[in-house]
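Here's the structure, in structure tokens; my notes come after.
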């Protein structure tokens, strides 16, 4: 099993790579090169930080074209994590307005906080209601806790097999469309629940 | 529903983990001692987060600290927040590369707002935790930086307003008076400031047993309770405390439930 973590210079990826190695993935590499991503069995798009900065780096390094070919045309399995999940959507209002990769019909906006009673960012473990058709949550029962840390969230009216979480409002905690999955939370920081979820991505996508 | 969190803080100084009391550090043991007495691969299931602070007085070696972090975090699948002496983008980068998921900053928050802004732009506000050390004198709450050695000219309320204006992700509020005493948190001060904060608040300083953690968690504006007491939670201390806290009805994640 070869998993390539897309490296576009944003944030920390050590936790993700060491979790994959712990789960027994034999080959875990970081790269943004087409040739290396083309050889991956699965791709992970990580990311923390600002959406607009991330998109700039992605376009600059032609990662948008690489992923469009490998993921959209050649159907290679992809998991987006946190900001990496948001980037798969249409757009974000972070730092004005930025276009996303547009693989998934979802838009990213700041958490609504009309009564100013929510602390933002949304930080900590929160419960997810898994979608009935989900593969990511196989063998995870109930409403499992996952670790979130973000100020912007995705909403979608499309049919993307979304599993929802609530913080003031309902938002997309994860989605699954064919070979593409995205999780707003950090499975690599979510104890056994996260390990199981990543194992499901490895085994079932 | 968003859970509240229990955080364990490790205070590191010159190659040793220490027990701090009112910011006076007592050496307890090195990494081998820690791994023998606190198996984080197991204990992590009683915690929601680990904070590791380099409190070495005077000059700190970020590279040595980062090296220790990289050894500490193997096979620990909870967020790790690390800091102490971060003065530049490259200091922060070194910690992130060695396994920190967030960084905690104190003196540079006060002295270098430009650095904080640059870090937020690169890593996002949720990656930056502002550490605030304070003492209570009569009814005034004074803020200290540089490991508790230098008083600043803002009181706690003014300083917290400044921090919120920087848009850092979380605030780690530590009472120097209560630090390491085990007498309980500085509940009066916490209640005075917590309600008005718009950022998640982690409280630290004084927790000696699970009753203190429960009392802290039950304050509305508190998002997380931290303890750095290496002696009171040794062995099964943390798993037992978490069980007691869950049984008391506090809203924290229950890892045992699904397995």
Hits in segment A:5-28 (condition: in contact with a helix residue (DSSP H, G or I) (Cβ under 9 Å, 6 or more places away or on another chain), outside any helix (DSSP H, G or I) and at pLDDT 95 or above): A:5, A:6, A:23, A:24, A:25, A:28
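The rows are residues; the columns are (1) touching a strand residue (DSSP E or B) at 6+ places or on another chain (Cβ under 6 Å); (2) assigned to a helix (DSSP H, G or I); (3) away from chain A (no Cβ under 14 Å); (4) in contact (Cβ under 8 Å) with a residue 12 or more places away in the chain.
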{"site": "B:142", "(1), (2), (3), (4)": "yes, no, yes, yes"}
{"site": "B:158", "(1), (2), (3), (4)": "no, yes, yes, no"}
{"site": "B:172", "(1), (2), (3), (4)": "yes, no, no, yes"}
{"site": "B:179", "(1), (2), (3), (4)": "yes, no, yes, yes"}
{"site": "B:214", "(1), (2), (3), (4)": "no, yes, yes, yes"}
{"site": "B:234", "(1), (2), (3), (4)": "no, no, yes, yes"}
{"site": "B:244", "(1), (2), (3), (4)": "no, yes, yes, yes"}
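Return yes when residue A:96 is more than 14 Å from chain B (Cβ to nearest Cβ) and farther than 19 Å from residue B:4 by Cα and no when it is not.
no
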- request: Kindly provide the set of residues from segment B:85-114 that are more than 14 Å from chain A (Cβ to nearest Cβ), in contact with a strand residue (DSSP E or B) (Cβ under 7 Å, 6 or more places away or on another chain) and surrounded by fewer than 24 Cβ atoms within 10 Å (Cβ to Cβ), ordered by number.
  value: B:85, B:107, B:110
statement: A careful count of residues in segment A:146-173 that are assigned to a strand (DSSP E or B) and either within 18 Å of residue B:126 (Cβ to Cβ) or modelled with pLDDT under 95 (or both) gives 13
- line: Within segment B:69-84, restricting to residues that are in contact with a helix residue (DSSP H, G or I) (Cβ under 6 Å, 6 or more places away or on another chain) and surrounded by 18 or more Cβ atoms within 10 Å (Cβ to Cβ), the one that is farthest from the other protein chains (Cβ to nearest Cβ) is B:82
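State all residues of segment B:115-131 that are assigned to a helix (DSSP H, G or I) and closer than 17 Å to residue B:161 by Cα; if no residue qualifies, say none. Talk me through it step by step, then tell me what you get.
Of all residues in segment B:115-131, those assigned to a helix (DSSP H, G or I) come to B:115-123, B:125-127.
Listed by number, the residues that qualify are B:116, B:117, B:125.
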message: So in segment B:115-140, with the set limited to residues that are within 14 Å of chain A (Cβ to nearest Cβ) and surrounded by fewer than 21 Cβ atoms within 10 Å (Cβ to Cβ), which one is nearest to residue B:224 (Cα to Cα)?
response: B:120
Top-ranked residue of segment B:24-40 - restricted to ones that are more than 29 Å from residue B:90 (Cα to Cα) and assigned to a loop (DSSP other than H, G, I, E, B), ranked as nearest to the chain's Cα centre (by Cα): B:38
query: Can we say residue A:139 is in contact (Cβ under 8 Å) with a residue 60 or more places away in the chain and within 12 Å of another protein chain (Cβ to nearest Cβ)?
result: yes
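The values are calculated or read from the model by the stated rules, or taken from the named source; none is laboratory data. Just so you know, these numbers come straight off a predicted model, no measurement behind them. Reconstructed Cβ throughout: ideal geometry from the backbone, glycine too, with neighbour counts over all protein chains shown.
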